[in-house]
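First the structure, in the form of structure tokens, and then the observations on it.
The values are calculated or read from the model by the stated rules, or taken from the named source; none is laboratory data. What you see is a predicted model; the values in this text were computed from it and never measured. Every residue, glycine as well, gets a Cβ built from its backbone with ideal geometry; the counts of neighbours run over all protein chains shown. Protein only, heavy atoms only, side chains kept; ligands, DNA and RNA dropped before computing areas. Shrake-Rupley method; radii C 1.70, N 1.55, O 1.52, S 1.80 Å.
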Amino acid sequence: MNRAKSGLAAFFRTHPEAWIAVGYMAFYLAAFFLLERVVEPRFIIHSRLDDLIPFCEWGIIPYCSWYLLLVGGPVFFLLKDKNDYLRLCFIMYVGMTICLALYVVLPTGLDLREPIPRDNLLCKAVELIRAADTPTNVCPSIHISSTVAVGIVTVRSRLFRRHRWVKVLMVAECLAMCWATLVLQQHSVWDVVAGAALSFALMPLAWKLWPRAEKAPA
């Protein structure tokens, strides 16, 4: 235990920027679950396209990959490229903050969720997700805005200039996440569009604050 603590302390001494992610995620989790309890939706988000999208429990697989991406993305760029890490933190965390503020000012909700039509392991996982994540505070989608944030930084990073397959996989992950939130009836098409647009809107400012270096990091 003492060895683990000393190793963790050494990590934060070596990478003090890690406190940005740790501190913000503590704030975000507290704020998100507080809003889940106190905010009542006044605006129901709906698109005609939502009615054409069938439920598919297989969407739970890419949907849950978000939790790995939320942690793995910042950790990877923290270790590999400080500027990419700061860009990612800016796009992701400023985006999350804007979403939380909008949930207070314009509380949104969904009426999309139908009873789960099948009884299998994946459907049971969907039931757990639905129980933890109520159909409130949905637009823009934080799930999508943060995924797109990781996607933007990955695609634009010089770390992968010779590894285009990584960029292709990241784009596929973003598309799969959009598909998953829709087929699980976790979000409306409008939530997905707004979440993606938010991250793209923050992108130019991130690169203005932390301009691209002449050379890629070793």
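Couple of notes before you dig in:
- Rounded if a/c under 1.5, otherwise prolate or oblate - the range 117-218, Cα gyration tensor axes: prolate
- Accessible area of the chain belonging to carbon and sulfur atoms, whole % at 1.4 Å probe: 69
- The 3J(HN,Hα) values that the Karplus relation (6.51, -1.76, 1.60; θ = phi - 60°) gives for the range 118-128 are, in residue order, 10, 10, 8, 4, 5, 5, 5, 5, 5, 4, 5 Hz. Gly and Pro appear as x.
- Cut-off 20 Å (backbone N to label point 7 Å along Cα→Cβ of Y67), residues of the range 29-50: 29-37
- Packing-based ranking, highest mean first, of 80-87, 94-101 given that Cβ atoms within 10 Å are counted: 80-87, 94-101
- For the range 133-194: accessible area per residue (Å², 1.4 Å): 40
- Take the Cα of L49, go 7 Å toward its beta carbon, and the backbone nitrogen atoms of the range 169-184 under 19 Å from that spot belong to 171-184.
- With protein chains left intact and a 1.4 Å probe, residues in the range 1-67 average 71 Å² of accessible area per residue.
- Once the Cα-Cα distance is subtracted from the 0.36 nm per residue extended length, the K82 to S6 segment shows a gain of 25.1 nm.
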